[in-house]
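Note sheet for the following structure.
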Amino acid sequence: MIRAATSNALRRAVRSSTRGAPSCAVPGNMSFHASAKREEEATADAVAPVESKGGLFGTGLSEWFALPIGITAAVPLVKFDWYVINEETQLLAVFLAFCVTVYTQGGDAIYKALDQKAVDLLKEHTEAEDKVIEALEQKLVFLKANQNMVNDFEAINEIRAETYEKLNAA
């Protein structure tokens, strides 16, 4: 009887947790543009946030209730050999314990190190962009200075033609 009740409860929990649209299909999550939104786009795309109860399976209960529920579900799963605990399961448990330990004990230090690296990369990128912009501005000045090159060459050709005429006349 406990097995049937546990199976039914587990089945209902899985069904209720998979209902509804996936989070990637929510209109606000589908925008992958790198440019900033314009004001008219921002007001048109404004979607009221969906009110969620949060907690365990959206019931509003604390997530800590998952521990006894998990143990209650795990006992019959292991007893009836529906789930076999082998070396892969043990390796998964050790890996999860490692991830939780790193996150709780060293997460802030890792964040600060990665954030500082990101700031340094951004600074270097900005300096490189500034150098490129400066070089392009210098090139623009040079090209503007050479705008009259055609007129200069025409004047030189006229002077040369006049000089040849004077040489031929002499």
Just in region 62-170: which chymotrypsin sites (Phe, Trp or Tyr not before Pro) are loop by DSSP and have at most 16 other Cβ atoms within 10 Å? Phe80, Trp82, Tyr83
Pop out the carbon and sulfur fraction of the accessible area of region 128-170 as a percent, whole number, probe 1.4 Å. 59
Quickly work out the Phe153-to-Ala170 label distance, labels modelled 7 Å from Cα along the C-beta direction, and quote it in nm with one decimal. 2.8
Extension gain from Val78 to Leu96, taking 0.36 nm per residue of separation minus the Cα-Cα distance: 4.5 nm
Report the full-extension gain for the segment Asn146 to Ile69: residue separation times 0.36 nm, less the Cα-Cα distance, to one decimal in nm. 19.7 nm
Got a sec to turn the phi values of region 129-144 into Karplus ³J(HN,Hα) couplings, 6.51 cos²θ - 1.76 cosθ + 1.60 with θ = phi - 60°, whole Hz, x for Gly and Pro? 5, 4, 5, 5, 5, 4, 5, 5, 5, 5, 5, 4, 4, 4, 5, 5
About its Cα centre, region 123-170 carries a charge dipole, from +1 on Lys and Arg Cβ atoms and -1 on Asp and Glu Cβ atoms, whose size in debye to the nearest 20 is 180
Nonlocal amide H pairs with Leu61, under 5 Å, H built at 1.01 Å: Leu56
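The values are calculated or read from the model by the stated rules, or taken from the named source; none is laboratory data. Keep in mind that what you see is a predicted model, and the values were worked out from it rather than measured. Here the Cβ is made from the backbone with ideal geometry for all residues, glycine too, and neighbour counts use every protein chain on show. Side chains included, ligands, DNA and RNA excluded: accessible areas come from the protein's heavy atoms. Shrake-Rupley method; radii C 1.70, N 1.55, O 1.52, S 1.80 Å.
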